[in-house]
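This report concerns only the one structure given below.
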Amino acid sequence: MAVSRKLHLAAAIIAFACAAPAFADDPRDPAMTPEAIARDRETIRRLNRAQLDYVQKRDAGYAQGWRDHAIGRDTRDREEDGYTADQRDYASARADYAQDRREYDRAMAEWRRDVNACRAGYYERCDRR
């Protein structure tokens with residue numbers, strides 16, 4: 001029985017606490033004189049302006065963040081373009097190296113044949129370069 005009474009009392013207190021803010025803007029409240037209404041209006045206006053300033057600063061920060069992000073993305077894209085160009089240059093250089101290496105190997109093989117022919121007595125092959 002005592003628990004039930006405490007539970008009902010707690011429920012009543014919670015209900016009253018939740019309903020209390022509903023009385024804040026009661027137009028029939030006798031405490032709301034024209035001066036109090038003017039003070040209330042000015043307080044609300046000041047709070048709204050403060051909130052507007054906060055939101056504008058916040059949004060300006062967001063906008064700067066998005067601009068920085070876009071600049072970073074553009075920089076990364078340019079870097080990736082540079083990387084792609086470097087990759088193409090590297091592939092081209094590898095192909096050039098492979099061609100140069102084949103020419104070198106062919107020239108070395110010819111030189112070795114000339115050296116062997118010269119040693120074998122074919123002296124006309126000794127003077128070739």
| message | Among the residues in segment 116-129, are any in contact with an Asp or Glu (Cβ under 8 Å, 6 or more places away or on another chain) and either of a type in the set (A, V, I, L, M, F, W, C) or loosely packed, with under 10 Cβ neighbours inside 10 Å (or both)? | response | yes
| Among the candidates Asp74, Asp81, Asp86, Asp26, which residue alone is modelled with pLDDT of 80 or more and of a type outside the set (A, V, I, L, M)? | Asp86
| Which residue, of Glu80, Glu42, Glu35, is surrounded by fewer than 10 Cβ atoms within 10 Å (Cβ to Cβ) and either touching a Phe, Trp or Tyr at 6+ places or on another chain (Cβ under 9 Å) or farther than 30 Å from Arg125 by Cβ (or both)? | Glu35
| query | Hey, does segment 39-58 have a residue that's aliphatic (A, V, I, L, M), part of a helix (DSSP H, G or I), over 46 Å from the mean Cα position of the chain (by Cα) and modelled with pLDDT of 75 or more? | reply | no
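The values are calculated or read from the model by the stated rules, or taken from the named source; none is laboratory data. On a predicted model such as this, the values are computed, not experimentally measured, just so you know. For neighbour counting, all protein chains shown are included, and Cβ atoms are generated from backbone atoms with ideal geometry for every residue, glycine included.
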